[in-house]
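Peer 1: Structure provided below as structure tokens; questions to follow.
The numbers here are math on the coordinates, done by the rules we state, and not lab data. Here the structure is a predicted model, which is why all the values come from computation and not from measurement. Heads up, the Cβs are rebuilt from the backbone with ideal geometry, glycines too, and the neighbour counts pull from every protein chain shown.
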Amino acid sequence: MKQVGIALRRWLLGCLLGLGTLTALAQEHAIDEGQAACQHTRLRTFGRLPGPNARVQYPGDPGIDVTYYKLDLTIRANPNGLRGIVTVGFRSTADNLSQFFLDLHDTLRVDSVRTMGSRPARLTFTRQNNRLIITLNEPLARNAATQVLVYYQGVPPNSTNSNASFVFGTHGPRREPVIWSLSEPYGARDWFPCKDTPCDKADSSDVWLTADRFFVSVSNGRLEGVTDNPDNTRTYRWRNRYPIAHYLISVAMSNYQLYQQTYRPSPRDTMPVTHYVYPEALTDRLRATLDETTRMLDVFSQYFGPYPFRAEKYGHAQFGWGGGMEHQTISSMGQFNTDLMAHELAHQWFGDAITTRTWEHIWLNEGFASYAEALYREATGGQAAYRAVMNANFTRARRARGTLLVQDITSPASIFDGDRTYAKGAVVLHMLRGVVGDPMFREILRGYASSRLLYGTAVTEDFQRVAEQVYGRPLGYFFRQWIYGENYPAYQVNWSSQEAGANRWTLRLRIQQSTGTSNPTFFTMPVPIRITTTAGDTTLSVFNNSADQTVEIAVRGRPTALALDPDNWILKQVEEAPVITGAEEPILSQLTVAPNPAVRDLTVRFRLRQPLTGQFRLTDVLGRTVLSSPDRPYAAGPHTVTWPVSHLATGRYILQFQTPLGRWSNAVLIER
């Protein structure tokens, strides 16, 4: 979530060559500040964690279902430390539950664990591998509810390092103190005992923060009260009554100045919009930027439905990095710009109100928020602004490796991969919009945001189910290949036309594709086609469901040009052959490849109606030539050309025959 720093930018640029590419990347970055900043904050925070350390804490104790968190924290700076009483309410999900664990970093010392009620009792506990293992005095029946209080203290790990999940930092020229948390994905246990999994949302939470009166202390929900204590401390009591994932509970504390707006979702309703900002940062220019928040709330409410936490608030709390984090009702912000503000606000619907059930499906959080940046640009700047954002996402998505479903959740760099989780996630939503159309797409977004998943958790299949219910048709092919498959299609397009009389023509279109992967071997998509004829333009959709497909299309007027997906709705590459004008019979016919798949040799057979000079090339899915023949003349009649291919890697290739009169191609599979 942090703004891309020099080191990361060098890493991103390292694989790119040429000044033109660098310029394109700079333009992409300028458009793409929101998701780049969002991504980098996660990577800075948790890139330091070794994989096994992260994985061992997931998915929390399945024997309990957490219903409530109350964090009563006393926090001091210089010397740094915290002392806490955390109440965890839960139900047993097992028969005769006698022992359970909470996740808590071993650095923090637990003084005692007690039961709640009129007769509280001490509970025995042990510590092991960043877990607090608690033994109940009496077994708990399935579905029975109870609460325990954990008394603990200490200094959260690495807390003077701005990369930590709980930080004691400074800001401004006078280096005044600021304290903040950022727990996603595996950092909540660094500062409070919890069940460390996104799938178990508490029904509600309270956060009470006591610190020196210098601090304005900010957290989730509504501010219920502020108390000045005799020891020159002040307690802020924050109350949240919406379901909340543990990693979205937050702390932000400094000498904030409050800049406040009022959002009116309807003529009779109001909601506070609160911005807690460093005094030196609250300029007139920043106020003008912050004022855009209420407009964003309006735009996203029209797209997604009402803001999901309208009984409480929305706002920002400034913290020590250049990015942002979507803490529920109060996004932590290291910078303020349109894209980042839109990204974090959209998370309140997608990520907070509906939370990814497992980190594998994190695109449901980050892809949606990244796409929301484009939607806001569209609402305020029109189609050109929307296309600019999406073109940047297309560029990044082409660099994505692996499936959109995260395969390695031990690696935060894998979870928050910017090219895949953010950019390709956004592109998938853009493509879905292209498949179903604008009105249906809006209905899908609103249906998803208001479904039974609201205030709960989701995986991709849940979103697919909503999309299919709204669309009224199966979309399994779409989700199967774009979420669980890899790469994208590389299309080869050839067409010819033949007059059919009375200014009517038959256009013969051949679409071939390769993917460079075995999953999928080809992409099934409705492909928009624009045909330009002497009678005007015709736009239609061809449902492309094979690696090599030929269709005939009747059109008025002589076809003069054809464009596949001219408005860029599909993540793809396209290579279009020169036009082959219809005649009494084709110049070239019977272009066949055998055997196909080829193992040792590849034989090409074709027939020419007239003498023709041409060259054969075999290219891989990246367009690199792996075999070629000299440019040579061929006489009219049948021909056979053979090449050895046993030295080539297994995969899909494209055979091309380039001539002055056109280019013909065929898909080739080589197997070892």
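Peer 1: So how far, in whole Å, is the C-alpha centre of region 183-231 from the one of region 307-375?
Peer 2: Each part reduced to its Cα centre gives a spacing of 18 Å.
Peer 1: Another one. Rounded to the nearest 500, what is the 222 nm mean residue ellipticity of the chain from helices alone, with -39500 (n - 2.57) per DSSP H run of 4+ residues and division by all residues?
Peer 2: Value at 222 nm, helices only: -7000 deg cm²/dmol.
Peer 1: Something else now. Pick the calculated mean projected area of the Cα convex hull in nm² for this structure from [x] 35.7; [y] 49.8; [z] 32.4?
Peer 2: [x]
Peer 1: Would you list, by chain and number, the lysines whose Cα falls below 18 Å from the Cα of Lys572, excluding same-chain residues fewer than 8 positions away?
Peer 2: By straight Cα distance, Lys572 reaches Lys424.
Peer 1: Taking the alpha-carbon distance from Lys313 and a cut-off under 23 Å, which lysines remain once sequence neighbours fewer than 8 residues away in the same chain are dropped?
Peer 2: List returned: Lys70, Lys201.
Peer 1: I've got another one for you. Within 10 Å of each residue's Cβ, count the other Cβ atoms and sort Arg239, Arg480, Arg189 from fewest upward. Before the final figure, lay out each step's value.
Peer 2: On the way: Arg239 18, Arg480 15, Arg189 27.
Final ranking by Cβ density, sparse to dense: Arg480, Arg239, Arg189.
Peer 1: Just to be sure I follow the definition: excluding the sites themselves, where is the longest run in the chain that has none of the GluC sites (Glu not before Pro) in a DSSP loop with at most 13 other Cβ atoms within 10 Å?
Peer 2: 1-583
Peer 1: Cα centroid distance between region 277-292 and region 610-665, in Å?
Peer 2: Cα centres, region 277-292 to region 610-665: 62 Å.
Peer 1: Also: On a C-alpha basis, how far is the centre of region 116-179 from the centre of region 382-439 in Å? Whole number, if you could?
Peer 2: 36 Å
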